[in-house]
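For reference, the structure discussed in these notes is given below.
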DNA sequence: TCGAACCATCACATTGATGTGAGGGTCAAG
DNA sequence: CTTGACCCTCACATCAATGTGATGGTTCGA
């Protein structure tokens, strides 16, 4: 499929698809005329990239992570250097922190909304502390 | 406390503390000499801001959210317009999506790491789909 | 009184993720 | 053959979150 279709199917501007390619997040074959030719698989891939970006990960990290998230990853383990594994562990922990922080604050918002709309103010004030971002 | 101490205690560059103030995320009194004078409470506040920023929320949104997250929020409900409540709901849902996406991908990384280090490859390949970011 | 260590504002630079447009090929349908 | 809808590659603009430095005021201890 060409870039226009991928763009429509993923809701992603063409500009960004080219950008993701430039950042080595996706690869595209080229038709003889030079047009990008995307695999069907790219649809999921792009959605995943957008999700990770939206979750706050930079492309640099996503590029590292993606190879481990490939669907048939049972087959070939990429060349996993110790440094790379350490980086992954670190990123996993950062993501956990992020999740906790997000959940805490989201719940606070939800609680506030419930209180405002339910008419009964929350009984106990809750203290919020974001995860330490060292 | 002055900006230096707040900077140290929160691990945040002074530049950013001034920036957060410019974005109306924190407020500082001024000493007669013009120095910023921060309340003790600002320490938590700044940590929270950093957590939210790190979680991917822009300052514009954080500014909207923060008033609802104040500790003694049992006392005075801010002027909650319907539009504001709707915005909060929307943001709450976005945060939920974000959380789900992060968890999915984090678990995939964790599973990969476990597999690599445990020596036994994962038995079932899992398909990952990020939350639709409309 | 002088210097070190604070603080202030202002302003320009950078980085990552994007927007936008110019200038120019490809190709199918009319 | 021409037109419209694609595609290409630059390349510059923007926006938010930061870095960095210039220039100068305040405070305090040696």
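The table that follows gives values for the structure above.
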item: Per-residue average of Cβ from other chains inside 10 Å of B:90-97; result: 4
item: q = 0.16 Å⁻¹: log10 I(q)/I(0) that the Debye formula gives for the range B:1-64, counting C-alpha atoms only; result: -0.47
item: Residue B:89/residue A:33 FRET efficiency (R0 51 Å; Cβ-Cβ; nearest 0.05); result: 0.60
item: Cα→Cβ-extended label distance, 7 Å offset, between residue A:41 and residue B:96, nm; result: 3.4 nm
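Taken together, the values in this text are just the output of simple stated rules run on the coordinates, not laboratory data. In this text the structure is predicted, and so the values were computed from the model without any measurement. Don't worry about glycine lacking a Cβ; one is built from the backbone with ideal geometry, like all the others, and counts go over all protein chains shown.
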